1. Just checking, does segment 139-148 include any residue being surrounded by fewer than 17 Cβ atoms within 10 Å (Cβ to Cβ), in a helix (DSSP H, G or I) and modelled with pLDDT of 90 or more?
2. Please work out if Pro191 is more than 21 Å from the chain's Cα centre (by Cα) and closer than 30 Å to Val94 by Cα.
3. Checking Val122 against (1) in contact (Cβ under 8 Å) with a residue 40 or more places away in the chain; (2) surrounded by fewer than 22 Cβ atoms within 10 Å (Cβ to Cβ); (3) among the hydrophobic types (A, V, I, L, M, F, W, C); (4) in a helix (DSSP H, G or I), only one condition comes out false. Which one?
4. Look through Trp185, Trp165 and report the one residue that is of a type in the set (Phe, Trp, Tyr) and surrounded by 17 or more Cβ atoms within 10 Å (Cβ to Cβ).
5. Name the residues in segment 64-97 that are touching a residue at least 24 places away in the same chain (Cβ under 8 Å), under 22 Å from Thr205 (Cα atoms), surrounded by fewer than 20 Cβ atoms within 10 Å (Cβ to Cβ) and not aliphatic (A, V, I, L, M), would you?
6. Quick check on my filter: what residues within segment 76-93 are polar (S, T, N, Q) and over 15 Å from Thr112 (Cβ atoms)?
7. For the structure I just gave you, tell me whether Leu272 is surrounded by 24 or more Cβ atoms within 10 Å (Cβ to Cβ) and over 21 Å from His154 (Cα atoms).
8. Any chance you could count how many residues in segment 173-192 are more than 19 Å from Leu116 (Cβ to Cβ), in a helix (DSSP H, G or I) and not hydrophobic (A, V, I, L, M, F, W, C)?
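The values are calculated or read from the model by the stated rules, or taken from the named source; none is laboratory data. Just so it is clear, the structure is predicted and the values come from calculations on it, not from any experiment. Methodologically, a virtual Cβ is constructed for each residue, glycine included, from the backbone with ideal geometry; neighbour enumeration extends over all protein chains shown.
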Amino acid sequence: METQKIPRHILPLIVFSQFAGTSLWFAGNAVIADLQKALQLGDYNALGDMTSAVQLGFIAGTFVFALLSIADRFAPTRVFLMSALVASLCNLGVFFLLDYGLAVVLLLRFATGFFLAGIYPVGMKIAADWYAKGLGKALGYLVGALVLGTAFPHLIRAFSGDLPWQVVILTTSLVAAIGGILLFWLVPNGPHRKKGAQFEWNAITQIFKFPAFRSAAFGYFGHMWELYAFWAFVPQILALSQMTEPEQLSLWSFIIIAMGSIGCIIGGYWSLKQGSAAVAKWMLLTSGVMCLLSPFLFALPQILFLLALLIWGFAVVGDSPQFSTLVARTAPKQYVGTALTIVNSIGFGLTIFSIQLLTYLTEVMDPRYIFLFLLPGPILGLLARPSTKVG
């Protein structure tokens, strides 16, 4: 069997490196209160701008990477290494260049997001090069690592006590660099990598001509409308509920976001029996129901409120690796990396609008109702009806 031919260290190393690289994603969010004080922003809420800067950078990076077919033309492990090192330096820049003001901090977060384009989708490409079968399970672990990486800065902040906020920035930069080095050093190119892809200006449009690919992509887009807006506003959901002590916000933010890693892994194993499309459908349906019920969650007792958020955190990202599996399976084989990257680019583009929409709505209406506006994502994702014959 294929799993016997693949060295046992391959998947754990890809998973760790993905976790390490994506820990840069919400590093700024985890210390947002400290950054606002250091930058003397007063009552100005920089959460939306800080999150959107990374998202915009990632969108720009994935578009450039996809347009130039970088993950297909060059060794993906080398692309991952260079991206991890440069992204770490950009993240570290917040520590050294803070005195230059908010604009420079946002620019550095944008640059960090740009080079995350060489980490997240490229990590999935590396996994696809190794796992011709059971890709849904492999990507379940991989996206689970992304979830843990995203939540990791909140965990550091929760246990850093009275240590300065710079500890979060320094730690995530170091971890990301180590992940890139280990992946490049210990994971060779996979046996299923298609070599010799040429640069084509119309590669992206050609990929979208495949109906099964379009369905998988549109399902992913619906999922993304909800995902990062939910993650970005988890601390505000907890603060709004007034059910957790302020010093526990970071810890509970980590737990709720990290719950998604369990959803990804369980969904990965589930996909071996039911297929990726079925898993994606049930995860989307669950998170959509949580969006619908969100105004009522704040009236629940504390234990039920936190349980509901854990279920939401479990399902909101549990469909992500399965949609990525469907994208990889339905794309032209020589452009799997390009397909994963452009779908990421468009999907993350949608997150800008949902994050900014929720940021605006918090100022003009009762915040308990703003999460209803995430519901169109799961609905549209379900209407896309990805093929059950792949993945």
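1. No, because not a single residue in segment 139-148 is surrounded by fewer than 17 Cβ atoms within 10 Å (Cβ to Cβ), in a helix (DSSP H, G or I) and modelled with pLDDT of 90 or more.
2. No; evaluated as a whole, the condition is false for this residue.
3. Of (1) in contact (Cβ under 8 Å) with a residue 40 or more places away in the chain; (2) surrounded by fewer than 22 Cβ atoms within 10 Å (Cβ to Cβ); (3) among the hydrophobic types (A, V, I, L, M, F, W, C); (4) in a helix (DSSP H, G or I), only one is false for Val122: (2).
4. After applying the criteria, what remains is Trp165.
5. Hit for segment 64-97 is Arg73, nothing else.
6. Hit for segment 76-93 is Thr77, nothing else.
7. no
8. 0
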